[in-house]
Amino acid sequence: MNIALKAVLLSALVYPGVGHYILNKRIACAVLACAFTLPLLFLFSDIFQVAHSLADQISAGQIPLDIIEIRHQIDTELASMTEGSFSYYLYGLGIIWLIGIIDSYRLGKAESHLK
């Protein structure tokens, strides 16, 4: 397996920046990994806030202990999140992931031509 394909597969299937790591581009690896991790942490933070809010409402008795009603509340909360920062985080994650894949392919091809 050539180095470009290996770098692309690692960036696409493992984590953005891992392809750069095997290409010995450590700074690019760190930049991509950090750029991907920050919005991911913000996304998880928002999701955990929704989960905590719903758990508080369930324990307070505001939401009945019925799986259908809980699912409806989850859907309602997530629908309100998609109008805000939630969708921006997802778009950002996708763009950073694509940049990592394309750049690792570019660097892998350049390295294989040098050999």
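Counting only heavy atoms of the protein chains and using a 1.4 Å probe, His52 has close to 110 Å² of accessible surface. Look at (i) 67, 23, 21; (ii) 63, 38, 22; (iii) 40, 30, 25: the one that is Cα extents along the principal axes in Å derived from this structure is (i).
Per the 1.4 Å probe, what fraction of the accessible area of region 43-115, in percent, lies on carbon and sulfur atoms? Percent of accessible area from carbon and sulfur atoms in region 43-115: 66. Here region 38-54 is scanned for amide nitrogen atoms under 19 Å from the site 7 Å beyond the Cα of Tyr88 along Cα-to-Cβ, giving 38-50.
What does the accessible area per residue of region 50-93 come to in Å², with a 1.4 Å probe and no ligands, DNA or RNA counted?
Result: 69 Å² of accessible area for each residue.
Here the gap between Leu78 and Gln57, fully extended at 0.36 nm per residue and compared with their Cα-Cα distance, gives a gain of 6.0 nm.
Of the residues Phe42, Phe86, the one with the largest accessible area comes first in the ranking Phe42, Phe86, computed with a 1.4 Å probe on protein heavy atoms.
Can you give the extra length, in nm with one decimal, that the chain gains between Gln49 and Asn2 once fully stretched, where that is 0.36 nm per residue apart less the Cα-Cα distance? Display every interim value, and only then the final one.
Values: separation 47, 0.36 × 47 = 16.92 nm, distance 4.40 nm.
Going from the current span to full extension adds 12.5 nm.
Here region 1-43 is treated as an ellipsoid with the same Cα gyration tensor; its semi-axes, largest first and in whole Å, are 21, 12, 4.
The values are calculated or read from the model by the stated rules, or taken from the named source; none is laboratory data. Source: prediction; values computed, not measured. Using ideal geometry, Cβ is built from the backbone for each residue, glycine included, and neighbour counts are taken over all protein chains shown. These area figures cover heavy atoms from the full protein model, side chains too; ligands, DNA and RNA do not enter into them. Shrake-Rupley method; radii C 1.70, N 1.55, O 1.52, S 1.80 Å.
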